[in-house]
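Q: Here it is, the structure, as C-alpha cells.
The values are calculated or read from the model by the stated rules, or taken from the named source; none is laboratory data. What you see is a predicted model; the values in this text were computed from it and never measured. All Cβ positions, glycine included, derive from the backbone under ideal geometry; neighbour counts span all protein chains shown. Accessible surface is based on the protein model in full, side chains and every heavy atom, while ligands, DNA and RNA are left aside. Shrake-Rupley method; radii C 1.70, N 1.55, O 1.52, S 1.80 Å.
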Amino acid sequence: MTHRSIQQLVPALAVTEGAGVTVHRSIGTPALKNLDPFLMLDHFGSDDPDEYIAGFPEHPHRGFITFTYMLDGHMEHRDSMGNTGDLKSGGAQWMKAASGVIHSEMPKQTQGRMRGFQLWINLPASEKMAPPAYQEFAPEAIPEVSDGPARIRVLVGEHAGVRGVVRDPNTQVQYLDVTLPAAARFEHPLAAGLTAFVYAFEGAARLAGQPLATHTLAVLGQGDTVSIEAGGSGARCILVAGKPLKEPIVQYGPFVMNTREEIEQALADYRAGTLVA
Ligand code: FE2
C-alpha cells in the first residue's frame, strides 16, 4: 500500500465574484490554473452578510459541470432550463451546463453564516455540446457513513460500500466530506491515475505525514490510498478525485472549450441569445 503524498500546497486566494461576493479560490488561480479534470474550486464562507448578500445574478456557462455543496446557509437557484432550486445546509446541486445554461444563485438569507464549495468539473469534447441537465439533492438525500472515528458524507463516488447520490460517467468523480475528531485517522483507496486533492476547511490535518493547514488545498501525488490524520483539534475536509481528460483546455471566464474557435462561437451565441435552447 502506498500513501499518496502532497505534491503541491495551494493556499486559497480571496477573490471577488458575482455581484461582489468574497470567495476563496484554490483551483483556478495563478498557482494552480486547473487540475485536470477540475477547472475551479471556490470556497465561500462568511458570517458577514455584506460578503455574500449580492449573490450571483444571471450569468452563463458552457462546456463543463458545476457542482455546489452547501455547508451552511440557503441559496435559491434559477436557470434557463426552467429549474428553481432551493439549496440548503448540507444539500448539493449537480448542474451539467454542457451546451449552455444561464442561471442565478442568490442568497435567501439576510443574516447568519453562508458556507460551501463550488467545483467546476470539465466535460470531454464529446459532451461539451450535449443538452444541459440539473440535479438537486436535499441534505437528507446524501448518505453518511461512519468509518472508525471518521464521519463521511458521500456526495459522489463510494466509500466503505456506501454510494453517493451522483453518478459521473465521464470523469468518475469522487467527492467525500470527511469529519475527523482529534488525532483520528481516515483512509480511502483510490485507483491509479486519478487526479486527487484534499481541501481542509476546519482544523488542520496531516496527509501521509505531511501537514495541511486550514483553507489550503493539497494536490496529491500517485499511490493507492489517501491517508488523512486530524490534528489536536480535529479536522474537516473534502477529498475529491477524478479521471483526467487530457484534452486541450481553452477558457474564457464561464466558457471552457477545447479550441479558441469554440470559445468565439460561445461568445457569439451568448451575444445572439442562442447560448441556451
Ligand atoms: Fe454559475
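Q: Under a plain spin-label model, where a point goes 7 Å from the Cα along Cα-to-Cβ, how far apart in nm are Val250 and Lys88?
A: 4.4 nm
Q: Helix 260-272 versus the longest principal axis of the chain: what angle, 0 to 90°, nearest 10, using Cα atoms?
A: The answer is roughly 60 degrees.
Q: A further question on this structure: At a Cα cut-off below 26 Å, give the lysines reachable from Lys243, other chains included and same-chain residues fewer than 8 away excluded.
A: Lys243 reaches Lys33, Lys96, Lys128.
Q: State the antiparallel share, in %, of DSSP beta bridges confined to the chain, rounding to the nearest 5.
A: Of the beta bridges lying entirely in the chain, close to 95 percent run antiparallel.
Q: What's the magnitude of the charge dipole for region 80-186 around its Cα centre, counting Lys and Arg as +1 and Asp and Glu as -1 at the beta-carbon? Answer in Debye, nearest 20.
A: In total the dipole reaches around 200 debye.
Q: How large is the accessible surface per residue of region 64-195, computed with a 1.4 Å probe and reported in Å² as a whole number?
A: Heavy-atom SASA per residue in region 64-195 reads 38 Å².
Q: Another question, if that's okay. In terms of the Cα gyration tensor, with a ≥ b ≥ c the square roots of its eigenvalues, is region 5-130 rounded because a/c is under 1.5, prolate because a/b exceeds b/c, or oblate?
A: The shape class here is oblate.
Q: Over the Cα atoms, compute the radius of gyration (one decimal) and Dmax (the largest Cα-Cα distance, rounded to a whole number) for region 61-182, in Å.
A: 15.1, 46
Q: May I pose another question? Select from Pro248, Gly232, Thr259 the residue farthest towards the positive end of the dipole of region 231-277; place +1 on Cβ of Lys and Arg, -1 on Cβ of Asp and Glu, and compute about the Cα centre.
A: Gly232
Q: Mind listing the phi-derived Karplus ³J(HN,Hα) values for region 187-200, rounded to whole Hz, using 6.51, -1.76 and 1.60 with θ = phi - 60°, and x for any glycine or proline?
A: 3J(HN,Hα) across region 187-200, in whole Hz: 10, 9, x, 9, 5, 4, x, 6, 6, 9, 9, 10, 10, 8.
Q: Hey, another quick one. Where the accessible area of region 23-123 is counted over protein heavy atoms with a 1.4 Å probe, how much of it, in %, is carbon and sulfur?
A: Answer for region 23-123: carbon and sulfur cover 47 percent of the accessible area.
Q: On the principal axes of its Cα set, how long, how wide and how thick is the chain? Give whole Å, largest value first.
A: On the principal axes, the chain reaches 56, 43, 34 Å in Cα extent.
Q: Sticking with this structure for a sec: Using the heavy atoms of the protein chains alone and a 1.4 angstrom probe, what is the accessible area of region 3-52 per residue in square angstrom?
A: Per residue, region 3-52 has an accessible area of 44 Å².
Q: Cα-based Rg (one decimal) and Dmax (whole number) for region 184-277, in Å?
A: According to the Cα coordinates of region 184-277, Rg and Dmax are 19.0, 56 Å.
Q: I would also like to ask the following. Relative to the Cα centre, what is the charge dipole magnitude of the chain, using +1 at the beta carbon of each Lys and Arg, -1 at the beta carbon of each Asp and Glu, and rounding to the nearest 20 debye?
A: For this selection, approximately 460 debye.
Q: Amide H neighbours of Gly90 under 5 Å, at least 5 residues apart or on other chains, H built in the peptide plane: list them.
A: It is Met70, Leu71, Asp72, by chain and number.
Q: Also: Modelling each spin label as a point 7 Å along the Cα-to-Cβ direction, I'd like the Asp48/Glu76 distance in nm, to one decimal.
A: 2.6 nm
Q: Once phi is turned into ³J(HN,Hα) by the Karplus curve 6.51 cos²θ - 1.76 cosθ + 1.60 with θ = phi - 60°, what whole-Hz value does each residue of region 75-80 show in order, with x for glycine and proline?
A: 10, 10, 10, 9, 9, 6
Q: Over region 15-71, one equal point on each Cα, no solvent: what is log10 I(q)/I(0) by the Debye formula at q = 0.24, 0.26, 0.28 Å⁻¹?
A: Computed log10 I(q)/I(0) values: -1.16, -1.25, -1.30.
Q: For region 187-258, give the percent of accessible area contributed by carbon and sulfur heavy atoms, probe 1.4 Å, rounded to a whole number.
A: Percent of accessible area from carbon and sulfur atoms in region 187-258: 56.
Q: What longest region of the chain stays clear of trypsin sites (Lys or Arg not before Pro) that DSSP places outside H, G, I, E and B and that have at most 15 other Cβ atoms within 10 Å?
A: Within the chain, the longest run free of exposed trypsin sites (Lys or Arg not before Pro) spans 168-245.
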